[in-house]
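Here the structure comes first, spelled out in structure tokens, and everything after it is commentary.
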2 protein chains.
Amino acid sequence: MNKSERLFQLVLLLRSRRTAITAEAIAEAMGVSVRTVYRDVQALVLSGVPVEGEPGVGYMIRPANHLPPLVFTPDELQALLVGNRMVQAFTDQDLAKGARSAELKIRSILTEHLKQHAEQQPYRIPILESDDGLREVHGKLRRACEQRHKVRAIYLDEKQEKSERTIWPLGMIGWTGKWTLLAWCELRHAYRNFRFDRFEALDLLEENFRTTSDISIAHYLQSVIGMRDPG
Amino acid sequence: MNKSERLFQLVLLLRSRRTAITAEAIAEAMGVSVRTVYRDVQALVLSGVPVEGEPGVGYMIRPANHLPPLVFTPDELQALLVGNRMVQAFTDQDLAKGARSAELKIRSILTEHLKQHAEQQPYRIPILESDDGLREVHGKLRRACEQRHKVRAIYLDEKQEKSERTIWPLGMIGWTGKWTLLAWCELRHAYRNFRFDRFEALDLLEENFRTTSDISIAHYLQSVIGMRDPG
DNA sequence: GGCACTACTGACAGGTTCTGACAGTAATGT
DNA sequence: ACATTACTGTCAGAACCTGTCAGTAGTGCC
């Protein structure tokens, strides 16, 4: 990525956020040194782009129309289409529906050349009916996470031992070949991970839970795994 | 005026006009050669700025009112973001890069409300360094499919038996937890499927192949699996 | 006041990209 | 066939860019 491309991406990055971002975070996102970020920011300012910064806070862009209309490049388009197809195959029905309609919107703005490019991609991702049950589990759990419903679940562990418990679904982790639910378990008073394919029964309860600083996906990722939550 | 500054100015120039402007006029306005203008225009196009040109007419930026506004619903947005993250985790580096920049473009046009919504989604998809080798295999095979290069491969089957063969990579099939390559095998004179994680070595050959009505992904799906190729 | 930390600027050697000039290609018109 | 126009590819020389490191300024703590 050369400098001019990077400057465009930096404008996009700043425009994509609601909050300020530090030079260090930008450097990491762009794969360059912090010194280069300072230079880039200065280059933007000299070009008239209203970037503002504050020590201890980071950089923001003032909302002004500094972006021309943008269209997707061939690589970007392919990434979107493949990703959408994966969502249709590996998540749930409602999200699949969202993916399909998003794709129609994206296709509506393509040039003829890009449309042809989209026809020639080598990917095929079959949507198997045998995965319908899993898609339903996925949908229930997503709803529970989003709406913060406690869940009453019957779960089989790796030894096929059945347990029944009430859990607070905090987040959905995607791995190669499986999804796991990060939850706070009322039975064990601790975080637990549950594979979607091992739930035998699931009931969303009317009762809601609240995340706290000590019970949240960010807390788990930070203090239990030692990973910063980019989300 | 360096190149990055000039590109910003060129966007402003093109956006300020209702009519096309020739490369020569741009060159004069910018104080550079015509050759450089051609390069600059190409750089803008590669970043996704919809610059269009016609011999004898000149260049314009496609007006925003000729592009339908891209407005996504919360579900559509979530589907796009999750899909993009999966592409980053489970495909190759270049496609991941496309996904990232597509995401920035999408995020940069969101309303404040949708930006907030995007921050609160329950998905986390870790991008593991342990998958870097597989991402490299994925990238090679994608290139081979797209550019129609024959591939010289060393492959381990499910009994760990090693074989070496020349194959024509036709398409990439995504399943839960793994990718397979659909290829025409010169050794067996038949279609064969190869799991990405079982390739021990891969060399893209200079030699190209051509698909025919009897050797193609559509033919395989239709006549071998009995499935219509949605394309 | 001294020290540590944070965010930034200046300088430098080595590396990378960019430029104009020129040759070549493709399309169009006479 | 020839001329013109708009574009692409190549090359040598020029210009710019990068990360590293040292230094500056500001802030907070002891």
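Descriptive notes on the structure:
- Other-copy label distances relative to A:Glu146, 7 angstrom Cα-Cβ extension, nm: 3.2
- With each label modelled as a point 7 angstrom along the Cα→C-beta vector, the A:Ser223-A:Met1 pair spans 3.4 nm.
- Its alpha carbons considered, chain A gives a radius of gyration followed by a Dmax of 22.0, 65 Å.
- Here the Karplus curve 6.51 cos²θ - 1.76 cosθ + 1.60, taken at θ = phi - 60°, turns the phi angles of the range A:143-158 into couplings of 4, 4, 4, 5, 9, 6, 8, 5, 10, 9, 10, 9, 10, 9, 7, 5 Hz, with x standing for Gly and Pro.
- Helix B:93-108 axis, angle to chain B major axis (alpha carbon atoms, nearest 10°): 40 degrees
- Relative to the longest principal axis of the Cα atoms of chain A, helix A:34-46 runs at roughly 60 degrees.
- Its relative contact order, with pairs defined as Cα atoms under 8 Å and 6+ residues apart, puts chain A at 12 percent.
- In the A-B interface, the accessible area buried, summed over both sides, Å² (probe 1.4 Å): 6600 Å²
- Greater than 25 Å apart at Cα, pairs in B:Lys3/B:Lys105; B:Lys3/B:Lys140; A:Lys178/B:Lys162: B:Lys3/B:Lys140; A:Lys178/B:Lys162
- Inter-chain shielding of A:103-110 (mean C-beta neighbours from other protein chains, 10 Å cut-off): 4
- Report summary: the helix-based calculation at 222 nm, which adds -39500 (n - 2.57) for every DSSP H run with n ≥ 4 and divides by the residues of the protein assembly as shown, gives -12500 deg cm²/dmol.
- Global form of the range A:3-61, assessed from the alpha-carbon gyration tensor, a/c cut-off 1.5: rounded
- Of every Cα-Cα pair in the protein assembly as shown, the percent that sits beyond 30 Å: 54 percent
- Calculated FRET value between A:Arg62 and B:Asp131, using beta carbons and R₀ = 41 Å, to 0.05: 0.55
- Compared with the direct C-alpha span, the chain from A:Asp157 to A:Arg195 gains 12.8 nm at full extension, assuming 0.36 nm per residue.
- Computed over the range A:129-171, the percent of Cα pairs more than 12 Å apart is 65.
- Accessible surface calculations at 1.4 Å, restricted to protein heavy atoms, place the protein assembly as shown at 52 Å² per residue.
- P(r), alpha carbons of the range B:131-225 - 5 Å bins starting at zero, rounded %: 3, 13, 27, 28, 18, 9, 2, 0
- Global form of the range A:37-173, assessed from the alpha-carbon gyration tensor, a/c cut-off 1.5: oblate
- Start at zero, step by 10 Å, and the Cα-Cα distances of the range A:74-127 spread as 25, 55, 20, 1 percent across the bins.
The values are calculated or read from the model by the stated rules, or taken from the named source; none is laboratory data. Source: prediction; values computed, not measured. Every residue, glycine among them, receives a Cβ derived from its backbone with ideal geometry; neighbour counts consider all protein chains shown. Each accessible area value is taken on the protein alone, full model and side chains, heavy atoms only, with ligands, DNA and RNA left out. Shrake-Rupley method; radii C 1.70, N 1.55, O 1.52, S 1.80 Å.
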